[in-house]
C-alpha cells in the first residue's frame, strides 16, 4: 500500500486527491497538511468526507512526513511550492508537485510570467513534466514530477497529433478555452460570488495568462520547433470541466476522415484519451480522468476540441496517474 | 420628478433600486453614497449601468443630500442604519429604511435578536411598517418607513387572509422558506463561493433567524393576538426569489375552494398580489414586484404558498411602492 | 464476482447503477436492457462511459438474462415493473426492484395512488422493503427487494429515531422536502427544460404525491402505530440531492442535546447514516451513499433534517447496498 | 400609441417582446397569435404575465390583425415565416421578421443552408437588414425588416470597426461564440433537459451553423469585399447572453490603445454599443439592449469581444429598436 501525503490539503485539488485515493486499491492518504488556520478534522474542512476518512489536516512536520509517507502530492500555490519542494525531496520522498514552479524549463519565462525569482534552480532541470500521454518515459524514473496545468493538459492533448505530424502551421495556433469555476480555487472573491458568477460568462487574462508559455513549451517539444500559441481562457457558470476549442491552419489539404484516423492512431494505446466521432461535452468527462478529443476541418481550418475535468485529468487524477507510473503500478489504478 | 438619494448604493438592494428608478416616469436617482472604499462611477461598481446612468457613488455629505434629494432610500445594514436615520430625518427628507432597525416595535426583541442597544428610540415609534397591502394607511403619512424584510414580506402575504379571518391556530404556524443567494448580500464568503453553492441546498438559522420575530409581529397585528411562528429558512442555487411554504392547523373544517375564494376576496383590490389556482413558481415573479400566492387543504392542514423576488417585492420594489404611496403617486408607477 | 443485469438501463438510475458497479470489487454489470428504441452501445447512450464500459444496451431476452446474470436490478417505471418481475423471479434470479410496485403492502393504497390494478399480488407479500438501516433482517433472506423511493429514504432516516422512541405526536408530522431535477427522470419536458428550471424553484404534488403513503407505511412500522404525515415536495435548480426538513410536535419536553444523543445512539452502528452537529447540506452527500441527519428543538417543535443523493442512497447506491446484503458481502462494498 | 401584433407569441422571443412593450411609453401589444395548441390566456402560457397583461394568444386571423395593429413582430420559425410575411405585408402593416427568411440576400445560400426553396423572392430584395448600428438608413423607410440573428448581431458589432477600416485580413476571421440556452428555443429536448445541460458545456454545429453565411454577408457589406469567417458556436449552462470572442490577423502593426480609440470613434454616437476598457461579461448586458465590446492586441493577433443578451439585442430588443426607427420615434424608447 503506497502511503500518500498531501501538502496543501485544504484546497480543491487536495480534496479531489483524497477522493481518488479513498477508492484506490493500492494507495491511501496517510498525512494531510495545511496552513495552521486551515487545519482540523478533514470532515469539518470538507463535509463530504464525514464518515469516509478520519484523518486530520495538520501543520506540516517534515519528520512526521518522512516517517509516514512514501510519496508527496504537493498542492501548494505557485511561488510557494518551490520553497517546500527541496526539503520534501531531501526527505527522500517522491514528489508530485501541482504548482507551476517546476513546469517551465526556461527560468526567464517563469520569472517573467510569475514575477518572482525562481529559488530552486537545482531541482528544476530534473523535474519530469507529468503529462503521461506525451512524456511517459521521463515520468517513470522521476523523483520530482511537475504536474501540468489544467489548461495545458486539455490544449496539449487536443493538438498533439497535429503537431507531431507537422500538419499545421506552428505560427498561428489559437486555443480558446472555457473552464468551470473550481479552476479558480477555493478562496472566495467578488467575481466568483455565486450571485455574480451564476448566469455569467466572460473572458479573462487576455494575451497574458500564465498557462500560455506552458502550452507553448509542450507544443514546442511535440513539434520539435517553436510554436506560437494565442491562448484565450474564459470562465462559465459550472463547477468542473474545461472545453478547449483549438483553431489551426493546415499545412496541406486535410480531410476530416483523415484527421480523425490520425487522431485514433496517435491515441491508439492511451487508456485515458478517447477520440470521439462528435464534439465532446464537459459533462461526459466530469468526475473522470478521461480526455475526450475530436478534430475536423471547417472553412479551410482545422478545429480540434478536447474536454477534461480540470480537477481530475487537469490536476489530481493526473497526479495519481503519475504516481501509479512512478511506482510501477497499472497506470489506471484507482482512476475512473 | 421625485429626486431620490440612495445611501448604501453599493449593495444589491441599492443596485436594484437604481434599476427600478431608471424606468420610473416620475422619479429619478440623483445622489448615491457608500463607504469611501466602495465609491466610484456607478458603471464601474455595477457593470450593468454602463451607458445607462452616469452618476458616481460618493461618500455621504448631508448638506449635498439635503440640497439634491426629496427622499432617501437608506440601504445600510442592520445596526448601522439607526446611526444615520436620525440625521437623515433631520434634513427634512422622507426616509425609507431597508434595515431591520425600525421594523420591530418591541425594543427588547430587537436588542435580543440583533445583540445591540437600539440607539434611536425617538424615531422608532413613528416608523410605518412598509408592507402596503397590510399597512397602507400608516405609510401614506409617514416620514419614516421601515421597509420589511424579504422573508417577512413573503410569509405575511401568504398567511394574512388566514389570520385576518381567524381560520387557523395561532400557536403552531410553520413557515418553511427558500431564498436565492442574492439574499445573502454582495460580500463574498466561502459558503456562497460559486463552487460551493452551486449544486448545493441547505437550511440555516434553525430556530434563531432574525426574521422570525418580525414575522410574528406582523402576524400578531393581523390576527390581533399573539401568533407563534416557527420560521425555517433555506438557501438554494439560484440568484433571485423566495418561495414560502406555510403549514397551519385549521380552526374548523375548510375546503380548498372556500380557501381560494377567501384569498381572492382578501386580495381583490391589490395590484401586486395575485392568487393563483396552482402552486406558484419563483421564476414567474423574478424581476417583478408581484407576489403570487396559493392556498389549499391537504391531510387536514392548510398549506399556503407565496413567491416573491427577494430584491424587488422583498426589498427595492416594495421601497419604491412605499415611495409612490408617500408622494401620492399611483402605487404601481415604475414597477412591473 | 456477482454478475449483475440491469433492466431499464437507459434511465438515470440505470446509469448510476453502472457507475457504482464499475468500481465494485465483487460485482460487475454483465447485461443491460431497455426498450428497443433506447438500445445501442452504452457509451453512445451515456457519453460518460466511453472507454469505461463496452457493454451494449439490448432488448430484454429472458434466456440470455438467466444465463448471464446472478441478480437483476429492475429499473423499470412504476406499473411497468410488476409486468416483468414475476418472470424475472421465475428465472431464479434475485431481483431488486426500483419501482413502487412492491413497496406498498396495502394493495388498495397502491391502486388508489397509482390508479391501476396491481397485477402481481403473488410476489408482493414476499418483497422485503430495501431500507437496510431499518429492515436489514428481512433483506438478508429476500429474493425480491423493493428498493425504497428517494423521498421516503430521506424522510424515514430523518424521523426514525423519534418514532422508534415514541417522542413525537404521530398525528402531525410534516415532511417538507426539496429534490434536485434528476429525480424527475431523463425524459425531457417543458417544466424541466433548462431555461425554465434554471433560476426557478417551486412546490408540486400538494397533498397528493405518491411517496406520501410510502412514507406513512415506513413510519407506521417504526412507530408501531399509524402515523399521519403531510409530505410536501419541491424541486430546485440542481442535479442531485434531497434535503428533507421535518417538523414534529414533541410528546414531552426535549432538549437539543438530548435529541442529538438519541440520534447518535440510534445510528451508532450504521455506516451510511451520519449524525452531524449542524444542519446538513446536499453537496456533502452528492455522489455518495451517505445520509447526513441532524435534529434540534426550536420554538417548541422538533426539527429534523436529512440530506441524501437521490440517485445514490435514494436509488442505485441503496440497491447495491441491498445486493451486498443479499449476497452476504460487506454492506459497504463498492460504495462511497 | 403604436399598436403591435406578435405572430408566434408563444416562444421566448414573443414573450420577451411583450415584456419590452409592456414598459414602452409609445407602443403596446394588442394582438397575440400562435398555433391553436399554444393558444390561451397569456398569463397561463407565460406565468410571469399574471396581472400584468390580460391579452389572450389566439389563432391568427388576418382581418382582425389588419384592424387591430399598426405593425407586426413576426416571431415564426425559419422556413415558416416566408409563408406568412407576404400576406402580412398585403394587409398594409409594417413587418419586422425574426426569422432568417429575409436576411440572406443570396437565395442560393439561403436554400443551401436552410435546405428549402425560398418561396417569397418578391419581398426578399426589399427587406432591410435590421441592425441599426450598421444599416440604420435602410431601416428608416422599410416596410419589411429582417431582424438579425443573435450570433450575427454579436459578431458583427465586435468586428465592424476593424472591417470598416480595413485593418484585418478578410480571409481568416474566427468567431468563437457562446450562447445561453434560451437561444435554443422553448421546445424541450434531451440535450437541453436540465440534468443534462446543467454543469455541461459543449460546441455544436461545427463548420455548418446557419448563422455563418449571415455573419459573412454582414461582414462583406461592411468590408466592401468578401470576408471568410469561421464561426464556431458553443452552449453553456446559463439562460441568457452571447459572448463572442473574435480572432483576426492584423493587416499592419496595431497597438491596443489605437484599437480601443478606433472602436470608441466608430461607436461614438451609438447609444446601445458601449466600448469597455476591459473584457465584457454576459451578466452586465443581460436583460438590456446593450452590446458591450472590447478589443485588444495579443500575440500578434487582434482579439475583439462582444457581449449581448441573445433575447434582447439579439432578438426582441433589436426588433423594438427597429420599430422605433420605422415609426420615427427616439430609437431607445422603451428599451433599457
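The values are calculated or read from the model by the stated rules, or taken from the named source; none is laboratory data. Bear in mind the structure is a predicted one, so any value in this text is a computation, not a measurement. No Cβ is skipped: glycine too gets one built from the backbone with ideal geometry, and neighbour counts run over all protein chains shown.
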Whichever residue in region C:49-60 is more than 13 Å from residue C:9 (Cβ to Cβ) and in contact (Cβ under 8 Å) with a residue 12 or more places away in the chain and, among such residues, is surrounded by the most Cβ atoms within 10 Å (Cβ to Cβ):
C:52
Take residue C:119 and tell me if it is within 14 Å of another protein chain (Cβ to nearest Cβ), assigned to a loop (DSSP other than H, G, I, E, B) and either at pLDDT 95 or above or out of contact with any strand residue (DSSP E or B) (no Cβ under 8 Å at 6 or more places or on another chain) (or both).
no
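Of the residues A:32, A:76, which is touching a residue at least 12 places away in the same chain (Cβ under 8 Å), within 23 Å of the chain's Cα centre (by Cα) and assigned to a loop (DSSP other than H, G, I, E, B)?
Working: A:32 fails: assigned to a loop (DSSP other than H, G, I, E, B).
Every option except A:76 fails the conditions.
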So, restricting to helices (runs of 4 or more DSSP H) that lie completely within region C:143-257, which ones have at least 3 residues that are over 18 Å from the mean Cα position of the chain (by Cα) and within 12 Å of chain B (Cβ to nearest Cβ)?
C:194-197
Identify, please: which residue in region A:4-29 is touching a strand residue (DSSP E or B) at 6+ places or on another chain (Cβ under 9 Å) and part of a loop (DSSP other than H, G, I, E, B) and is, among those, surrounded by the most Cβ atoms within 10 Å (Cβ to Cβ)?
A:9
Only residues that are within 20 Å of residue D:197 (Cβ to Cβ), at the interface with chain D (Cβ under 9 Å from one of its Cβ atoms) and not in a loop (DSSP other than H, G, I, E, B): list them for region A:283-304, please.
A:283, A:284, A:294
If you go through region C:277-286 one residue at a time, how many are touching a helix residue (DSSP H, G or I) at 6+ places or on another chain (Cβ under 8 Å) and surrounded by fewer than 20 Cβ atoms within 10 Å (Cβ to Cβ)?
1
Matching residues in region D:35-50 - criterion: being within 9 Å of chain B (Cβ to nearest Cβ) and assigned to a helix (DSSP H, G or I):
D:43, D:47, D:48, D:49
Return the pair list, or none, for Cβ contacts closer than 8 Å from residues in region C:178-191 that are at positive phi and not assigned by TED's automatic domain parsing to the domain that holds residue C:8 to residues that are in a loop (DSSP other than H, G, I, E, B) and modelled with pLDDT of 95 or more, at least 6 apart or on different chains.
C:185/C:11
Within region C:55-63, can one find any residue that is out of contact with any strand residue (DSSP E or B) (no Cβ under 9 Å at 6 or more places or on another chain) and either assigned by TED's automatic domain parsing to the domain that holds residue C:32 or in a helix (DSSP H, G or I) (or both)?
yes
Is there a residue being part of a strand (DSSP E or B), within 9 Å of chain D (Cβ to nearest Cβ) and in contact with a helix residue (DSSP H, G or I) (Cβ under 8 Å, 6 or more places away or on another chain) anywhere in region A:263-273?
no
Does residue A:303 fit the bill of being closer than 16 Å to residue D:204 by Cα and buried (at least 24 other Cβ atoms within 10 Å of the Cβ)?
yes
Could you check how many residues of region A:227-271 are under 26 Å from residue D:175 (Cα atoms) and in contact (Cβ under 8 Å) with a residue 40 or more places away in the chain?
31
Looking at (1) at pLDDT 95 or above; (2) more than 25 Å from residue A:141 (Cα to Cα); (3) surrounded by fewer than 24 Cβ atoms within 10 Å (Cβ to Cβ), which one does residue A:293 not meet, given that it meets all the others?
(3)
